[in-house]
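All remarks here apply to the structure that follows.
The values are calculated or read from the model by the stated rules, or taken from the named source; none is laboratory data. Keep in mind it's a predicted model, so treat the numbers as computed, not measured. Here the Cβ is made from the backbone with ideal geometry for all residues, glycine too, and neighbour counts use every protein chain on show. Ligands, DNA and RNA are excluded from the accessible area calculation, which covers all protein heavy atoms including side chains. Shrake-Rupley method; radii C 1.70, N 1.55, O 1.52, S 1.80 Å.
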Amino acid sequence: MMNIFNNLLLASVNTGVITVAVVALVILIAVLIVFVGIIPIPLWIAAVFSGVRISLFSLVGMRLRRVPPGVILNAMIQSKKAGIEVDSQSLEAHYLAGGNVFRVVHALVAADKAAINLTFQRATAIDLAGRNVLEAVKMSVNPKVIETPCVTAMAKNGIQLRAIARVTLRANIDRLVGGAGEETVLARVGEGIVTTIGSAESHTDILENPDRISKTVLAKGLDSGTAFELLSIDIADVDVGKNIGAELQMAQANADKDIAQAKAEERRAMAIAAEQEMKARIREMEANLVQAESEVPMAISEALASGKLGILEYYKMKNVIADTEMRQAIAGGDKSRK
């Protein structure tokens, strides 16, 4: 009986030990799964073998700060292999500020290989300013050629010219933050082309020497205050446009003609008005004359009745009138014969 009890007790003890061991194993596996999920162990091992010294607690801190450890570790591995020392805190700060960590590291590596003086602080500042720092480094090594839009200007002789230029720009790392962009450079180059063509006495001067535009524009120092260095300006094409001077002269001549016609029409209207006024006056005078002639007989009769006019004087007056009419008739007949 005692033996059976001892066996049962031993079996229960063994079962409890196994249960505890199984629970502990499950807890350990769960902890490992959570730990591996939080911390990229393979990447951390690769970082250690690459010479990047970073603790597991730092990786846990990155997770808590919502910074992907893979991004920071890969960036540190790339910079370490390129011989550039970048600490994790600086990379984290740049990531949290909204910057592109990989672009900054790639730019630092490219600048180091090209012997360009680019610090981490300046690279992050350029990246946070919204410029592509990697593209800027590449453009500093390999200058970029951009083509201006067609610029139209008129020479002093009135002939229009259309010019297209190719501008070679090299990025200036020191002026990328706060410097003007490509649009400003193109606008200044266009202004220089217009000024050069406009100052030429004849369009043939530009056609014979297109490099005159390049020399004038380069002498103005148009790259000041920009993020680029203007290396060269090459005139790709110059075409002759319209004869603006002739068109302006024709437009002025047409305007002068219209003005002269308007003035002539005004003078003609005034002459017609004056003629009509003169005719009205003549008609009025004729009416007055007719009225006066109609009153002559009455005046003569009154003069005869009152004795102011004698009968002999009346006949003399009639003779004079008849003689005058005869002379007028003779004079009219002579003119008609002629």
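Of note:
- Relative contact order (%) - criterion: Cα under 8 Å, at least six apart; region: segment 134-177: 47 percent
- Taking 23 Å as the straight-line reach from the Cα of residue 81, the lysines in range (excluding those fewer than 8 positions away in the same chain) are 113, 138.
- GluC sites (Glu not before Pro) lying in DSSP loop within segment 66-165, provided at most 12 other Cβ fall within 10 Å: 85
- Packing-based ranking of 153-161, 60-68, 266-274 yields 153-161, 60-68, 266-274, ordered from highest to lowest mean Cβ neighbour count within 10 Å.
- Amide H to amide H distances under 5 Å link residue 242 with 160, where only residues 5 or more positions off or on other chains count and H is placed in the peptide plane.
- Per-selection Rg to Rh, segment 183-338 - Cα, Kirkwood hydrodynamic radius: 1.70
- Extension gain for the segment residue 289 to residue 89, taken as residue separation times 0.36 nm less the Cα-Cα distance, is 59.8 nm to one decimal.
- Averaged per residue, segment 176-289 has 64 square angstrom of accessible surface, using a 1.4 angstrom probe with ligands and nucleic acids left out.
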